[in-house]
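Working notes for the structure below.
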Amino acid sequence: MSAVDQTFLLRELLKGVSRSFYLSMRVLPPVLRAPIGVAYLLARAADTLADTAAVAPTLRLEYLQRFRACLFAQADAGELTHIAAALSDQLLHDKERVLLQRLPEVFALFRLQPEADQVLILNVLQTLTDGMCFDLRTFPPESDAALIVALQEQAQLDQYTYWVAGCVGEFWTRVSHRHVVHLQAQDSAAAIDAGVRFGQALQLTNILRDLPRDLRIGRCYLPTAVLQPLGLKPVQLLAAENTPASRQLLRHYLTQALENYAAAEAYVLSIPPQCRRLRLAALWPALIGIATLGRLSQVDHWLDPQAVVKVERGWVYRMIWRSLWQVGNDAKLRVWFAALRAEVNLG
């Protein structure tokens, strides 16, 4: 693998497929960019295989199993080029097409990582793809709009948010503790627990924001055990009206998300101030996540699929600029976190 190829994969290609995650990737300490970048590219490729709605769920499951076989060296990664060719006409984004086409190179770069990093990457990819397989096995095909399947218990939702995001917080923490000297005196168990809850906070934010659109492809991640006491059924959430019951549901999960963001704040502040880059990489998604909750809480009709809930690009730029001079000041960061929490309307 030449340096030019590695640069393309971890910069140009990653930037093209990573959306807002690229912000954190670019500011990471150089020692962490390869293991985290490779893990992200592999996860993004698996997610593309799992989410291509024009392909039947059973075939997507087969593709994921073949992907995992390549990951665990039970098959040659070169065979994934056949999957890339089969999906080429179904992919909406050119960068996703390039990612699948270049997967053998991504796997080669993965094999060049230190063995301990490879183990961490394998563990997180195993868990992430477990979550993807759960989606494909649990929910109906996206085209079957007449059927909505909901999770049953809160424990299922907690497990799911661990599968698809909490495990990323765990991976991020383990690989950071392995490579960053200033973290090696920390209580790793406490840091991992906070990292898991950090990831779950981000995923719960995504679930709440995306609920109106997920319902219309047959997916309700909010469990019936929480809906039923409020007199709600998944199908009733298709209505965009802001009923007292729907607001109570939103308030319940906003509160839960804020509790997890408290762990995210503790996670950021536990990173020594001299680890400026690592702090910034964790701080930005935490701030964006809480700000997203604030906007979601203030939308008139949060179940309306036409409602656009996201932080504005200008807000992100201002946040980045402010963070550059506040990142090492714990007191200022606590005030900032508190101000964003106050914007979440729990009324």
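In this calculation the C-beta distance from residue 248 to residue 94 is compared with R0 = 45 Å, giving a FRET efficiency of 0.55. Under 13 Å from the Cα of residue 15, which aspartates and glutamates turn up, not counting those fewer than eight places away in the same chain? Cα-Cα hits under 13 Å: 94, 96. With contacts taken as Cα pairs under 8 Å and at least 6 residues apart, the range 121-186 reaches a relative contact order of 39 percent.
Couplings 3J(HN,Hα) for the range 94-111, derived from phi with the Karplus relation 6.51 cos²θ - 1.76 cosθ + 1.60 (θ = phi - 60°), are 4, 5, 5, 4, 5, 4, 5, 5, 9, 4, x, 6, 4, 5, 4, 5, 4, 5 Hz, where x marks Gly and Pro.
Take the Cα of residue 142, step 7 Å toward its Cβ, do the same at residue 81, and the gap between the two points is 2.8 nm. Estimated from helices alone, the mean residue ellipticity of the chain at 222 nm is -21500 deg cm²/dmol (sum of -39500 (n - 2.57) over DSSP H runs with n ≥ 4, per residue). Binning the alpha carbon pair distances of the chain at 20 angstrom intervals from zero yields the distribution 29, 60, 11, expressed in whole percent. Between rounded, prolate and oblate, where does the range 197-347 land on the alpha carbon gyration tensor, with a ≥ b ≥ c its root eigenvalues, rounded for a/c under 1.5, else prolate if a/b exceeds b/c? Cα axes put the range 197-347 in the prolate bin. By its C-alpha gyration tensor, with a ≥ b ≥ c as the square roots of the eigenvalues, how is the range 1-130 shaped: rounded for a/c under 1.5, else prolate for a/b larger than b/c, else oblate? Because a/c hits 1.5 or more and a/b exceeds b/c, the range 1-130 counts as prolate. For residue 126 and residue 189, the difference between the fully extended length at 0.36 nm per residue and the C-alpha to C-alpha distance is 20.6 nm. Per-residue Cβ neighbour counts within 10 Å put 259, 115, 170 in the sequence 115, 259, 170, beginning with the fewest. With a Förster radius of 45 Å applied to the beta-carbon distance between residue 318 and residue 8, the computed FRET efficiency rounds to 0.90. Stokes-Einstein diffusion for the range 234-284, with the hydrodynamic radius set to the Kirkwood value over Cα pairs and evaluated at 10 °C in a medium of 1.306 mPa s, equals 118 µm²/s. Take the Cα of residue 224, step 7 Å toward its Cβ, do the same at residue 149, and the gap between the two points is 1.3 nm.
The numbers here are math on the coordinates, done by the rules we state, and not lab data. As the structure is a prediction and not an experimental result, all values here were calculated from the model. In this analysis, Cβ positions are derived from the backbone assuming ideal geometry, glycine residues included, and neighbour counts consider all displayed protein chains.
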